[in-house]
Amino acid sequence: MDWLNALRARANCAPVAARDPLYANANVAPIGSVEPALVRRMVAAGMPLAKGATGWRIIGTPLNDAFAQIAEWLRAEGLASAWRGELLAVTDASGATLGAIERAAVRPLGIATHAVHLVGRAEQGGIWVQQRALDKATDPGQWDTLMGGLMSAGETIATTLQRETWEEAGLHTADLHDLAARGVLTVRRPVSNGYMVEHIHMFDALVPARLAPLNQDGEVAAFDRLDLDALHDRLRGGAFTLEAALILADVLVLDATSTAPPPMRRGDAR
């Protein structure tokens with residue numbers, strides 16, 4: 001499928017412009033990356049940064065104060081995404097959590113995020129999908145999995161799954177059937193305000209026929225229940241976000257060869 005291969009290529013792209021590794025204090029594993037022109041502006045503005053042997057280091061004790069200072073500067077300069085007042089964990093390449101930073105600052109700094117997506121199979125047949133609200137900062141109006149959201153600082157994968165499933169779809173995970181983890185998809189690609197590195201923890205479950213998704217937080221415009229042919233048509237037509245398309249395409253391919261609810265394969269993009 002040429003369209004699916006094209007999606008996979010988009011999900012594993014190098015930055016458009018060269019970026020320097022970004023570290024935190026004396027940590028040996030990077031936490032992200034930054035464009036040289038941007039880091040020079042930050043240094044000139046007095047941000048807590050120092051040049052290292054292989055990149056740049058955010059310096060500070062406590063480190064979260066330095067993260068907050070840089071995030072506020074990015075906001076003031078119009079370089080951050082929509083400000084959410086939500087902290088996300090800052091982890092290094094080894095997976096160690098070093099602190100937390102405002103969500104709006106992660107893409108300019110190339111900081112990896114963790115997300116959870118839920119594929120909802122309808123008991124009466126088909127797949128539940130959502131249309132993102134038209135005022136969303138990212139991919140407004142595009143179609144998505146039943147639920148997809150970022151993991152906030154201090155959360156576990158399980159608590160994010162429970163919270164986001166309720167907020168976006170009005171469903172309690174305890175009411176779903178056959179809930180199962182289906183691997184991790186990592187997406188690396190340039191975005192409008194920086195570089196995206198996202199580790200997506202994938203789940204699927206059966207939504208009982210007595211239940212239907214109902215948005216609670218205003219971030220979903222509509223829900224739809226699609227049979228596999230309709231899902232395939234929308235995927236090929238580019239109606240879904242890149243991340244949702246990659247997740248759902250695996251479901252579609254496996255469903256076409258099996259009558260049992262199949263697991264999603266681990267994504268190819270790294």
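The values are calculated or read from the model by the stated rules, or taken from the named source; none is laboratory data. What you see is a predicted model; the values in this text were computed from it and never measured. Because the Cβ atoms are built from the backbone with ideal geometry, glycine has one as well, and the counts that use them run over all protein chains shown.
Structural remarks
- Strands (runs of 3 or more DSSP E) contained entirely in the stretch 41-92, each with at least 3 residues that are surrounded by 14 or more Cβ atoms within 10 Å (Cβ to Cβ) and at pLDDT 95 or above: 56-58, 87-91
- Test result for A169, within 20 Å of Q124 (Cα to Cα) and surrounded by fewer than 16 Cβ atoms within 10 Å (Cβ to Cβ): no
- Scan of the stretch 183-231 for residues that are farther than 30 Å from A105 by Cβ and either under 19 Å from the mean Cα position of the chain (by Cα) or not assigned by TED's automatic domain parsing to the domain that holds M151 (or both), ordered by number: D204
- Filtering the stretch 159-217 to residues that are of a type in the set (D, E, K, R) and either touching a helix residue (DSSP H, G or I) at 6+ places or on another chain (Cβ under 7 Å) or farther than 18 Å from D139 by Cβ (or both) leaves R163, D175, D178, R182, R189, D204, R210, D217.
- Sole exception among (1) surrounded by fewer than 20 Cβ atoms within 10 Å (Cβ to Cβ); (2) in the same structural domain as D217 (by TED's automatic domain parsing); (3) under 17 Å from I200 (Cβ atoms) for Q131, by number: (3)
- The set of residues from the stretch 189-236 being in a loop (DSSP other than H, G, I, E, B) and either touching an Asp or Glu at 6+ places or on another chain (Cβ under 7 Å) or under 30 Å from A80 (Cα atoms) (or both) comprises S192, N193, P208, A209, L211, N215, Q216, D217, G218, E219.
- Evaluation of T156 against (1) closer than 30 Å to R210 by Cβ; (2) in contact with a Pro (Cβ under 6 Å, 6 or more places away or on another chain) (one fails), failing number: (2)
- Counting only residues that are of a type in the set (G, A, S) and touching a strand residue (DSSP E or B) at 6+ places or on another chain (Cβ under 6 Å), the stretch 150-176 holds 2 of them.
- On the stretch given as the stretch 167-186, residues that are farther than 16 Å from V129 by Cα and in contact with a Gly (Cβ under 8 Å, 6 or more places away or on another chain) total 4.
- Complete set of residues in the stretch 178-226 that are of a type in the set (S, T, Y) and crowded, with 19+ Cβ neighbours inside 10 Å: Y195
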